[in-house]
1. Cα gyration tensor of the range 47-113, axes a ≥ b ≥ c as square roots of the eigenvalues: rounded (a/c below 1.5), prolate (a/b > b/c) or oblate?
2. Can you give me the accessible area per residue for the range 52-133, using a 1.4 Å probe, in Å²?
3. Once the mean 1/r over all distinct Cα pairs of the range 92-134 is inverted, what Kirkwood radius in angstroms do you read off?
Amino acid sequence: MATAGPGSDHEPMTSYLAAVVAATITLVILALAARRSRRWRAPAGAALEPVGGGEPVPLRRRRLAVGRHHADLLIREPTISALHAELVHADGHWNVHDHRSRNGTFVNDERVTGQRTLRDGDRIRFAADGPTYVFRSGSAPTQRGRSA
């Protein structure tokens, strides 16, 4: 019985297969590294601070659904729609999208139609008489503690 070893007819095929396997492993490693580097990271410190006290709501994911049912930020008030609004991070900015809620979403007392880009310090109110939050982008210093 013949064996494949040095000097056999199978040596070129074995070398070729080893090179193909090595190249495939390299491509898989590079693809995984590229995928990992594209993974979204939340801006440090981005949050919604409830006006009147309470724990800030950190913005750790690309989307934050706001509503009365099955939402990331649950607001159990009758003026809040089941899926009222959504905060979305896109192109380096946070945006608020109103999901055609009956009682509206407001930024600095202006009703949002569709979407609006948020700036650090913007006041977001869900429904005309609903809870209000201050948006903190995490990238700009806050004005707290500064004197004029």
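The values are calculated or read from the model by the stated rules, or taken from the named source; none is laboratory data. Since the structure is predicted, the reported quantities are computational estimates derived from the model, not experimental observations. Areas reflect the complete protein model, heavy atoms only, side chains present, ligands, DNA and RNA absent. Shrake-Rupley method; radii C 1.70, N 1.55, O 1.52, S 1.80 Å.
1. On the way: a/c = 1.33, a/b = 1.13, b/c = 1.17.
Because its axes are fairly even, with a/c under 1.5, the range 47-113 counts as rounded.
2. Details: 4850 Å² over 82 residues.
For the range 52-133, the solvent-accessible area averages 59 Å² per residue.
3. Working: mean 1/r = 0.0969 Å⁻¹.
It is 10.3 Å.
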